[in-house]
Amino acid sequence: MATSPIIEAYVKGKPETHERGDCPFSHRALLTLAEKHVPYKEEYIDFNNKPKWLFDINPKGSVPIIHDLEKDTWVPDSAAIVDYLEDRFPDPALGKHDAPPHVGEKLFPNFISALKAKEGTDEESKKIGVLVQTLEEINNYLRDNKTDYLGGERPNQADLGLAPKLYHVEMAMRAYKGWEIPDELSSLKEYNQRIRSRKSWKQTYYPPEKVVEGWKAHLEA
Ligand SMILES: N[C@@H](CCC(=O)N[C@@H](CS)C(=O)NCC(=O)O)C(=O)O
């Protein structure tokens, strides 16, 4: 018998076709629900036609947002959501949104700078260099600590925050720059495969094409 959902998770996607969108912040919230085995139901927000209630709950109009159906509590913002879920469903513990280790914290801004840099310019090489340094920081932590996940033997919130962003880095840089994570960063590459083979990842997966399509609009802007 199917378990009734306790949480509704509103994420980027297509409500008509129930297709999940390419949001790394939504992904973190969904991974947290999946890793904690919370019964939840996904609802999709069409970014071209956001419902008015979304702005009443979150004036920024961003997702993810969760609705705790038992407590009738609404929580916007991925960091606040994972903190709420940690208190509400403490087992298994994943830590709060700022759980250590604090590595790769500049990953997303450094990736966006590299992605947006004009092709073939010195600026582009410099920005890709900075991105590689950030990836090295993550790689070296995993390598030196001989650890499967940033959280240790199991993922914690440092992993659930970073892994969806690493997915965007790999898929968007490959598609738009013909760039691959350097082979020397083998601990990072193995880590990406390891976390992507988890049940929680498979349950919350969206294909690389969604990532590529999502960044297209930003690159044309
Ligand atoms: N600080 C927010 C950021 C969330 C965010 O930027 N979400 C994007 C989608 S990935 C969004 O909803 N953007 C609104 C829009 O593009 O209209 C969080 O962590 O939840």
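Readers should treat all values here as calculations from the given coordinates under stated rules, not as data from a laboratory. Bear in mind that the values here come from a model prediction, so they are computed numbers and not experimental data. Note that we place each Cβ from the backbone using ideal geometry, even for glycine, and neighbour counts take in every protein chain shown.
General observations
- The Cα-based radius of gyration of the range 1-74, divided by its Kirkwood radius, gives an Rg/Rh of 0.96.
- The fraction of Cα-Cα pairs per 5 angstrom bin, counted from 0 for the range 34-86, comes to 4, 17, 28, 29, 14, 7, 1 percent, rounded to whole percents.
- Computed over the range 13-128, the range of Cα coordinates on each principal axis works out to 55, 37, 25 Å, biggest value leading.
- Here ASN48 and ASP144 are evaluated by their C-beta separation; at R0 = 41 Å the FRET efficiency comes out at 0.35.
- The chain: DSSP helices with Cα axial extent of at least 27 Å and average Kyte-Doolittle hydropathy no lower than -1.0: 122-144, 157-177
- In a DSSP loop and with at most 16 other Cβ atoms within 10 Å, the trypsin sites (Lys or Arg not before Pro) in the range 139-195 are LYS146.
- Three-way shape call for the range 112-221 based on the alpha-carbon gyration tensor, with the a/c threshold at 1.5: oblate
- Ellipsoid fit via the Cα gyration tensor, the chain: semi-axes of 29, 22, 14 Å, each the root of five times an eigenvalue, largest first.
- Computed over the range 95-154: relative contact order in percent, which uses C-alpha pairs under 8 Å that are six or more apart: 37 percent
- Only helical runs count toward this figure. For the chain, summing -39,500 (n - 2.57) over DSSP H runs of n ≥ 4 and dividing by all residues gives -16000 deg cm²/dmol at 222 nm.
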